[in-house]
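Enquirer: Below is a structure I'd like to ask you about.
The values are calculated or read from the model by the stated rules, or taken from the named source; none is laboratory data. In this text the structure is predicted, and so the values were computed from the model without any measurement. So basically every Cβ, Gly included, is an ideal-geometry build from the backbone, and we count neighbours across all protein chains shown. Just the protein is used for accessible areas: all its heavy atoms, side chains included, with ligands, DNA and RNA removed. Shrake-Rupley method; radii C 1.70, N 1.55, O 1.52, S 1.80 Å.
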Amino acid sequence: MQTILAVIVIFGLLVSIHEWGHLYFAKRAGILCREFAIGFGPKIYSFKKNETVYTIRLLPLGGFVRMAGEDPEMIQIKPGYEIGLVFNQKGKVSQIIINNKSKHPEAQVVQVEKIDLEKHLVVEAYNQEEELVQYEIDEKAHYIQDEQATQIAPWNRQFGSKSVGQRAMAIFAGPLMNFALAVVILIAYALLQGMPVDEARIGDVTSDGVAISAGLQKDDVVLSINNHSLSTWEEMTSIIQEHPNEELIFEVEREGETLTIPVVPEAREGQFGENEGFVGIRGPTEFSIVGAVQFGFTQTYMFASMIFEVLGMLFTGEFKLDYVSGPVGIYNYTGEAAALGIFVLMQWAAALSVNLGIINLLPLPAMDGGRLTFIGLEALRGKPIDPQKEGFVHFIGFVLLMLLVIVVTWNDITTLFM
């Protein structure tokens with residue numbers, strides 16, 4: 001239950017803040033946002049606020065903001081169609097009844113001759129007296145089909161009508177919010193837990209390592225390991241990690257005394273699958289608002305560097321599928337982080353947020369980076385790519401992405417049970 005709650009909270013936070021970034025900057029640009037969704041598939045819960053429907057969907061595999069103009073309008077009205085018109089107090093059409101007109105006795109039934117719902121917002125139609133009349137349409141009018149209301153999208157409210165900069169910002173804002181979230185989480189972590197200090201001093205010992213049984217204690221200053229003098233936490237942990245299952249002689253200063261303590265680090269799996277030494281100690285910390293802010297940015301940068309290091313292995317041939325985790329692997333790692341406490345879980349959430357931001361910025365079809373690539377090409381060409389061709393590329397990219405998710409998920413499952 002602890003793992004499930006942790007996954008729901010972290011997943012919900014990361015996806016929500018990502019999609020909120022898209023939503024906020026799209027609305028600032030004047031784009032009509034029809035839906036803000038967490039998950040895919042059938043709707044579980046929804047409500048409408050202003051012009052946007054907010055939904056939670058069944059499959060927790062991401063989210064989306066549906067902006068007007070990104071997809072073709074589902075409802076098309078052609079000459080000869082009979083529709084019902086409902087007018088507002090200004091005399092403009094506020095509702096266009098597509099079917100079930102008998103359920104709307106207030107509607108005036110007309111036969112369409114010509115209709116423009118994008119530029120001029122008018123409909124020319126024959127009324128009951130067979131007179132051709134032009135009606136003005138309110139820019140926030142709704143279609144009503146099967147008793148479901150859908151707001152029309154005039155051209156100036158569509159994604160494609162906005163400048164290259166506005167569209168690029170609306171797309172880039174999602175990953176940007178993930179980086180910002182990571183910074184905020186890590187600042188909060190540093191304020192609550194303390195900011196790490198790069199000193200060769202033991203901040204605390206944990207119950208799951210050999211340090212406590214060997215005799216190491218909190219606030220011990222480590223002078224040397226195997227006669228190698230130390231001054232930083234990074235130097236000390238590097239030596240420990242490089243010598244799993246090998247005896248190390250710690251020379252420590254404790255309350256003015258110098259002690260010699262032998263310690264044999266346990267072997268644990270490292271970041272890239274290799275064994276590394278582990279003794280169960282935490283680094284020293286200090287509390288500082290300025291330092292916490294600095295820590296938030298520097299640690300976010302460090303997480304990003306690690307991710308780019310793994311991505312760089314694609315080009316060197318060192319990359320392995322084990323370096324990537326799908327939903328099952330993330331679920332498993334989240335459970336392990338939750339078991340180690342809220343502060344480890346906060347760091348894990350920040351790392352996931354940075355990862356989500358970077359992966360989304362890769363120039364791959366169906367990802368934010370792929371969409372930014374097409375916007376960039378438009379800026380260079382001076383005209384947009386054919387929407388049908390772009391849509392086809394994104395569709396193929398989405399299919400390949402889903403195949404990758406399936407392969408990675410299978411790899412996660414086999415790794416868990418082997």
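Enquirer: I'd like the full set of residues that are of a type in the set (Gly, Ala, Ser), in contact with a strand residue (DSSP E or B) (Cβ under 7 Å, 6 or more places away or on another chain) and part of a loop (DSSP other than H, G, I, E, B), limited to the range 206-230.
Expert: Matches in the range 206-230: 209, 215.
Enquirer: Name the single residue, out of those in the range 210-228 being β-branched (Val, Ile, Thr) and free of Cβ contacts under 8 Å to residues at least 40 places away in the same chain, that is surrounded by the most Cβ atoms within 10 Å (Cβ to Cβ). Give the derivation first.
Expert: Initially, the range 210-228 is screened for residues β-branched (Val, Ile, Thr), giving 210, 212, 221-222, 225.
Retained after the next criterion (residues that are free of Cβ contacts under 8 Å to residues at least 40 places away in the same chain): 221-222, 225.
On the way: 221: 15, 222: 24, 225: 21.
Ranking the candidates gives 222 first.
Enquirer: Here is a follow-up. For the condition loosely packed, with under 15 Cβ neighbours inside 10 Å and under 30 Å from residue 180 (Cα atoms), what is the one hit in 90, 27, 43, 103? Full working, then the answer.
Expert: On the way: 90 fails: under 30 Å from residue 180 (Cα atoms); 27 fails: loosely packed, with under 15 Cβ neighbours inside 10 Å; 103 fails: under 30 Å from residue 180 (Cα atoms).
After ruling out the rest, the residue left standing is 43.
Enquirer: Also: Which pairs do you get when a residue that is touching a residue at least 40 places away in the same chain (Cβ under 8 Å) and hydroxyl-bearing (Ser, Thr, Tyr), found in the range 281-309, comes within reach of a residue that is open to solvent by less than 50 Å² (accessible area, probe 1.4 Å) and in a strand (DSSP E or B), reach meaning Cβ atoms under 9 angstrom, with the pair 6+ apart or on two chains?
Expert: From the range 281-309, the pairs are 285/195; 288/195.
Enquirer: What pairs come up if the first residue lies in the range 327-344 and is modelled with pLDDT under 80, the second is among the polar types (S, T, N, Q) and surrounded by fewer than 17 Cβ atoms within 10 Å (Cβ to Cβ), and their beta carbons are under 7 Å apart, counting only those six or more places apart or on different chains?
Expert: From the range 327-344, the pairs are 327/409; 328/409; 331/3.
Enquirer: Name the single residue that is modelled with the highest pLDDT among those in the range 303-315 being touching a helix residue (DSSP H, G or I) at 6+ places or on another chain (Cβ under 9 Å) and of a type in the set (A, V, I, L, M). Walk me through it before giving the result.
Expert: Keep residues of the range 303-315 that are touching a helix residue (DSSP H, G or I) at 6+ places or on another chain (Cβ under 9 Å), which gives 303-304, 306-308, 310-311, 313.
If we keep only those that are of a type in the set (A, V, I, L, M) too, we end up with 304, 306-307, 310-311, 313.
Values: 304: 94, 306: 87, 307: 86, 310: 78, 311: 78, 313: 72.
In this case the residue turns out to be 304.
Enquirer: Looking at (1) more than 30 Å from the chain's Cα centre (by Cα); (2) among the hydroxyl-bearing types (Ser, Thr, Tyr); (3) open to solvent by less than 50 Å² (accessible area, probe 1.4 Å), can you tell me which one residue 231 breaks?
Expert: Of (1) more than 30 Å from the chain's Cα centre (by Cα); (2) among the hydroxyl-bearing types (Ser, Thr, Tyr); (3) open to solvent by less than 50 Å² (accessible area, probe 1.4 Å), only one is false for residue 231: (3).
Enquirer: Are any residues in the range 74-87 open to solvent by less than 60 Å² (accessible area, probe 1.4 Å) and out of contact with any strand residue (DSSP E or B) (no Cβ under 6 Å at 6 or more places or on another chain), and if so, which ones? Can you show your working first?
Expert: The initial filter retains those residues of the range 74-87 that are open to solvent by less than 60 Å² (accessible area, probe 1.4 Å), namely 75, 77, 80, 83-86.
Across the range 74-87, the qualifying residue is only 80.
Enquirer: So residue 236 ticks every box in (1) within 21 Å of residue 299 (Cα to Cα); (2) at pLDDT below 90 but one. Which box is left unticked?
Expert: (2)
Enquirer: Moving to a separate point now. Looking at 152, 97, 137, can you tell me which residue is in contact with a His (Cβ under 6 Å, 6 or more places away or on another chain) and open to solvent by less than 30 Å² (accessible area, probe 1.4 Å)? Before the answer, list the steps.
Expert: Values: 152 fails: in contact with a His (Cβ under 6 Å, 6 or more places away or on another chain); 137 fails: in contact with a His (Cβ under 6 Å, 6 or more places away or on another chain).
Unique residue meeting the criteria: 97.
Enquirer: Are any of the residues in the range 198-209 open to solvent by 40 Å² or more (accessible area, probe 1.4 Å) and either in contact with a helix residue (DSSP H, G or I) (Cβ under 7 Å, 6 or more places away or on another chain) or hydrophobic (A, V, I, L, M, F, W, C) (or both)?
Expert: So far as the range 198-209 goes, yes, one or more of its residues are open to solvent by 40 Å² or more (accessible area, probe 1.4 Å) and either in contact with a helix residue (DSSP H, G or I) (Cβ under 7 Å, 6 or more places away or on another chain) or hydrophobic (A, V, I, L, M, F, W, C) (or both).
Enquirer: Failed condition for residue 59, given (1) touching a Cys at 6+ places or on another chain (Cβ under 7 Å); (2) under 25 Å from residue 331 (Cβ atoms), with all others met?
Expert: The single condition residue 59 does not satisfy is (1).
Enquirer: Would you mention how many residues in the range 30-40 are of a type in the set (A, V, I, L, M, F, W, C) and either more than 20 Å from residue 56 (Cβ to Cβ) or open to solvent by less than 10 Å² (accessible area, probe 1.4 Å) (or both)? Give the derivation first.
Expert: Of the range 30-40, the ones of a type in the set (A, V, I, L, M, F, W, C) are 31-33, 36-38, 40.
Of the ones still in play, those that are also either more than 20 Å from residue 56 (Cβ to Cβ) or open to solvent by less than 10 Å² (accessible area, probe 1.4 Å) (or both) are 31-33, 37.
Counting residues in the range 30-40 that are of a type in the set (A, V, I, L, M, F, W, C) and either more than 20 Å from residue 56 (Cβ to Cβ) or open to solvent by less than 10 Å² (accessible area, probe 1.4 Å) (or both) gives 4.
Enquirer: Report, by residue number, each residue of the range 159-172 that is surrounded by fewer than 23 Cβ atoms within 10 Å (Cβ to Cβ) and either in a helix (DSSP H, G or I) or touching a strand residue (DSSP E or B) at 6+ places or on another chain (Cβ under 8 Å) (or both).
Expert: Of all residues in the range 159-172, those surrounded by fewer than 23 Cβ atoms within 10 Å (Cβ to Cβ) come to 159-166, 168-169, 172.
159, 160, 161, 164, 165, 166, 168, 169, 172 - these are the residues of the range 159-172 that are surrounded by fewer than 23 Cβ atoms within 10 Å (Cβ to Cβ) and either in a helix (DSSP H, G or I) or touching a strand residue (DSSP E or B) at 6+ places or on another chain (Cβ under 8 Å) (or both).
Enquirer: If you take the residues in the range 106-134 that are more than 18 Å from residue 150 (Cβ to Cβ) and open to solvent by less than 60 Å² (accessible area, probe 1.4 Å), which one is modelled with the lowest pLDDT?
Expert: Across the range 106-134, the extreme among qualifying residues is 127.
Enquirer: May I ask you to list the residues in the range 16-49 that are in a helix (DSSP H, G or I) and more than 14 Å from the chain's Cα centre (by Cα)?
Expert: Quick first cut of the range 16-49, residues in a helix (DSSP H, G or I) only: 16-28.
Result: 24, 25, 26, 27, 28.
Enquirer: Shifting gears a bit: Please verify whether the range 259-274 includes one or more residues that are open to solvent by 40 Å² or more (accessible area, probe 1.4 Å), basic (Lys, Arg), under 23 Å from residue 344 (Cβ atoms) and in a strand (DSSP E or B).
Expert: The answer is yes, given that some residue of the range 259-274 is open to solvent by 40 Å² or more (accessible area, probe 1.4 Å), basic (Lys, Arg), under 23 Å from residue 344 (Cβ atoms) and in a strand (DSSP E or B).
Enquirer: Taking residue 6 as meeting all but one of (1) of a type outside the set (Phe, Trp, Tyr); (2) surrounded by fewer than 17 Cβ atoms within 10 Å (Cβ to Cβ); (3) modelled with pLDDT under 90, write down the number of the exception.
Expert: (2) is the only condition that residue 6 fails.
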